[in-house]
Structure formats: C-alpha cells, structure tokens
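Peer 1: Please see the structure below; I have some questions.
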Amino acid sequence: MSKQRVLTGITTTGTPHLGNYVGAIRPSIEASRDETLDSFFFLADYHALIKCHDPAVVRQSTKEIAATWLALGLDTDKALFYRQSDIPEIPELTWVLNCNAAKGLMNRAHAYKAAVQANEEAGEDPDYAVTMGLFSYPVLMAADILMFNAQQIPVGRDQIQHVEMARDIAARFNHNFAELFTLPEAVVDDSVAVLQGLDGRKMSKSYNNTIPLFLPEKQLRKHINKIKTNLLEPGEPKDPDSSTVFQIWAAFADASETARMRQAFENGIAWGEAKKQLFELINARLVEARDCYNRLMNDPAHIESELQKGAERARQYSAPLMRRIRDAVGISPIV
Ligand code: TRP
C-alpha cells in the first residue's frame, strides 16, 4: 500500500512559542518518523502576507520557524520541508482554482465572516480593511493541499472548515475537468494539549500571553514566574487541574513526573517552588535544541540551503501535476 501523505503549513507571522511546540511542532515531527506516512511541512509565507504587512516581521518569522523545526530534529531527508513561495506552481494553481471556486463558498469562510461582523459591530463599512487576500485565503490553502495530493491535513479546529473547502473545490474541479485531485481530510488530534498562556487563556500570539520556545534561560525563568496563579499559601492544597503551571508541566513531563507533581500540588507545594521546578524541567528538555537553534540562527545560509533542498524535491511533485492541470483547463502549447 502506498504511504498516506500528510501535509501542513505554518503561517510565518510570529515567534514559535510553547503552545505551538506542544500543539503542532512536536506531534508533526513525531509523525514524520512514522514509516507509514509521507510528511510535507511548509512555511506559509504567502499566507503571512494576509495578516502581516511588515516585511521585517515576515522575514524574521520565516527564519525563526525554519530554524525551530530544524533544531528540533526534523529529518529533511525524509520529510519534505519547504517554503510556499519557493513553489511557483502554488500561486499558479491558486489562480486556476479561483476561477472554479464559488464566491458563495468563500462568503461563508469563518475568518472573512468574523472580519465583516467586527466591522458591523464597530459601525464601519462591512468591507473595511478586508483584502482580497483575506477573502480568498481558503483558495490559496486549497492550492497548498491539492498541489501535493495530500490526504491527511493535521490542523487546529479553526482550520477544519478550510480543509473542507479544499475538498469541495477539488471535487468540483475533478468533476468539471479531470480527476487530478485527491480529496483531503482534516485530522484533529484531541490528545495533544492546547496550552494555556501566562494569563490562563489559550496561549496565542493574539492574546500576547505566550512563552517563546527558545528564550535565553534567564528570560525563560522570568516568563515562567509571570504565569498567573491564585493566592493560596505554601502548605495549602492546590488544584492541579485548573493550574496553568501544572498543565504546562504535564505537557513536558513523563507520566511518573506528572503523578509526582500532582501529589506535590495536593501536598501544598508553594507556587514559587512549583514554578522553579517547571523552569528546570522545560529548560532541561529544551537546552540541546536551543543551542542548535542559536547556531542555526547564526548560520542563515544553512537554513536557506535546507529550504532550497526541500523546494527542489517538492517541485518534483508540483511541476508535473501543474502541467496536467494546465492541460486539463486548456492551457497548453498549440502544437
Ligand atoms: N491557514 C493555516 C493556519 O493559519 C496555515 C496553512 C496554510 C495550512 N496552508 C495550509 C495548514 C495548508 C494546512 C494545510 O494555521
């Protein structure tokens, strides 16, 4: 049986944080070691342009995210690791799909609808600050997926709708022109933790409550000390299940270390002590990868060559398929 193809994209608009690591990067790198799967991971820098109009941020984020995946041990001889913008067939396919995707389908996309709703609530024109990029974002994402005929798309819940749209767009193309596309499916793994941030809400760049993954030690300690706790004194029993400190602990510790910390909470461990132990645990888990990350950040040529290698491999899939797609819609040499 041929291998299942797994594909996912990472939008290059921020610095990777503990929530990204636990929720996406770590499970993806683990999956890439599974011999029954073929993994495609890419830096979605064209997607970044939708939300971010600061070139320095997009550039820096692209570098940081690439260095992060490499430092954490992604094997780029096995997994395909590339930058979206290095694959010219992706924007080319986006246009072809734009000419086939129903506008009515895009009207229903959550990200676009949320922007319109926010405008309406603010008494603005409904289209205020809505770009064509935002509106047609699901078409670009469909091209990312369909370009490589990926079957499984690991995503967060907020992205399920986009994968379903990719499926609709693929089915419509297959029906109208030629059976060229595999119908993709979203894969949502409920066993991976959605980490809480410093304020107890979901850790997210948009809430400004993150702990960046590769902070220098001192800063990592400082951030951990900022995690919100309650006012219970040392010696008073604490509820592990409502504690961000415990939740992050459990995402990094093994089962026996987690059981030990649960007991310590019940025994009334002081918040300061729990945070100190959390710092030590995370630091020990990340120290090696952090050194590697810092070396890579100082060697951008190496990062770039990894991405070029990935692009070259990825184009071995995208270029021939794009030729068939063009041909199917009537774009081909006259003779
Ligand atoms: N839109 C996704 C996000 O914001 C990132 C992404 C872009 C993606 N293209 C993709 C994810 C293709 C899966 C497949 O998280």
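The values are calculated or read from the model by the stated rules, or taken from the named source; none is laboratory data. What you see is a predicted model; the values in this text were computed from it and never measured. Glycine gets a Cβ as well: all are built from the backbone with ideal geometry, and neighbour counts include every protein chain shown. These accessible areas exclude ligands, DNA and RNA; they are computed on the full protein's heavy atoms, side chains included. Shrake-Rupley method; radii C 1.70, N 1.55, O 1.52, S 1.80 Å.
Peer 1: Leaving out ligands and nucleic acids, and using a 1.4 Å probe, what accessible area per residue does the chain come to in Å²?
Peer 2: Using a 1.4 Å probe on heavy atoms only, each residue of the chain averages 51 Å².
Peer 1: Quick check on the chain: of the DSSP beta bridges with both residues there, what percent are antiparallel, nearest 5%?
Peer 2: Bridges in the chain are about 10 percent antiparallel.
Peer 1: Any idea of residue 46's accessible area? Nearest 10 Å², probe 1.4 Å.
Peer 2: So the heavy atoms of residue 46 present about 80 Å² to solvent.
Peer 1: Also: Counting alpha carbon pairs within less than 8 Å and at least 6 residues apart, what relative contact order, in whole percent, applies to the chain?
Peer 2: Rounded, it is 21 percent for the chain.
Peer 1: Which GluC sites (Glu not before Pro) from region 5-98 combine a DSSP loop assignment with at most 13 other Cβ atoms within 10 Å?
Peer 2: Passing both the DSSP loop test and the Cβ count: 35.
Peer 1: Can you quote the Å³ per residue value for the convex hull of the Cα atoms in region 214-295, rounded to an integer?
Peer 2: 78
Peer 1: Residue 226: which aspartates and glutamates have alpha carbons under 13 Å from its alpha carbon, excluding same-chain residues fewer than 8 sequence positions away?
Peer 2: 199
Peer 1: Magnitude of the Cβ-charge dipole of the chain, K/R +1 and D/E -1, about the Cα centre, nearest 20 debye?
Peer 2: It works out to roughly 280 debye.
Peer 1: Would you mind calculating the gained length between residue 228 and residue 180 on full extension (0.36 nm times residue separation, minus the Cα-Cα distance), in nm to one decimal?
Peer 2: 12.1 nm
Peer 1: How much mean residue ellipticity at 222 nm does the chain get from its helices, if each DSSP H run of length 4 or more adds -39500 (n - 2.57) and you divide by all residues, to the nearest 500 deg cm²/dmol?
Peer 2: -17000 deg cm²/dmol
Peer 1: While we're looking at this one, here's another question. Quick check for me: using +1 on Lys/Arg Cβ and -1 on Asp/Glu Cβ, what's the dipole size of region 1-128 about its Cα centre, in debye to the nearest 20?
Peer 2: Here region 1-128 has a charge dipole of around 260 debye.
Peer 1: If the elastic network links every pair of Cα atoms under 10 Å, which of 52, 99, 292 fluctuates the most in the Gaussian network model of the chain?
Peer 2: Among 52, 99, 292, the largest mean-square fluctuation in the Gaussian network model of the chain belongs to 99.
Peer 1: Run the accessible area of region 214-295 with a 1.4 Å probe and give the carbon-and-sulfur part as a rounded percent.
Peer 2: Details: 2300 of 4500 Å².
Carbon and sulfur atoms account for 51 percent of the accessible area of region 214-295.
Peer 1: Which residue, chosen from 261, 289, 173, occupies the Cα position most advanced towards the positive end of the dipole of the chain, where the dipole is computed from +1 (Lys, Arg) and -1 (Asp, Glu) charges on Cβ about the Cα centre?
Peer 2: With unit charges placed on the Cβ atoms, the residue in question is 289.
Peer 1: Continuing with the same structure: How high is the relative contact order of region 214-295, in percent, with contacts defined as C-alpha pairs under 8 Å that are six or more residues apart?
Peer 2: Once normalised by length, the contact order is 40 percent.
Peer 1: In Å, what is the Rg of the alpha-carbon atoms in the chain, and how long is Dmax?
Peer 2: 22.1, 84
Peer 1: Can I ask one more? Under a 10 Å cutoff between Cα atoms, tell me which one of 23, 272, 156 has the largest fluctuation in the Gaussian network model of the chain.
Peer 2: 272
Peer 1: Exceeding 23 Å between C-alpha atoms, which entries from my cross-link table qualify? They are 63/228; 238/276; 63/113; 3/103.
Peer 2: Check vs 23 Å cut-off fails for 63/228; 63/113; 3/103.
Peer 1: In the chain, which helices (entire DSSP H runs) extend 27 Å or more along their own long axis, judged by Cα positions, while averaging at least -1.0 on the Kyte-Doolittle scale?
Peer 2: 271-297, 300-329
Peer 1: Can I ask one more? Calculate the spin-label point distance for residue 204 paired with residue 283, positioning each point 7 Å from the Cα along the beta-carbon direction, and give it in nanometres.
Peer 2: Inter-label distance under the simple model: 3.1 nm.
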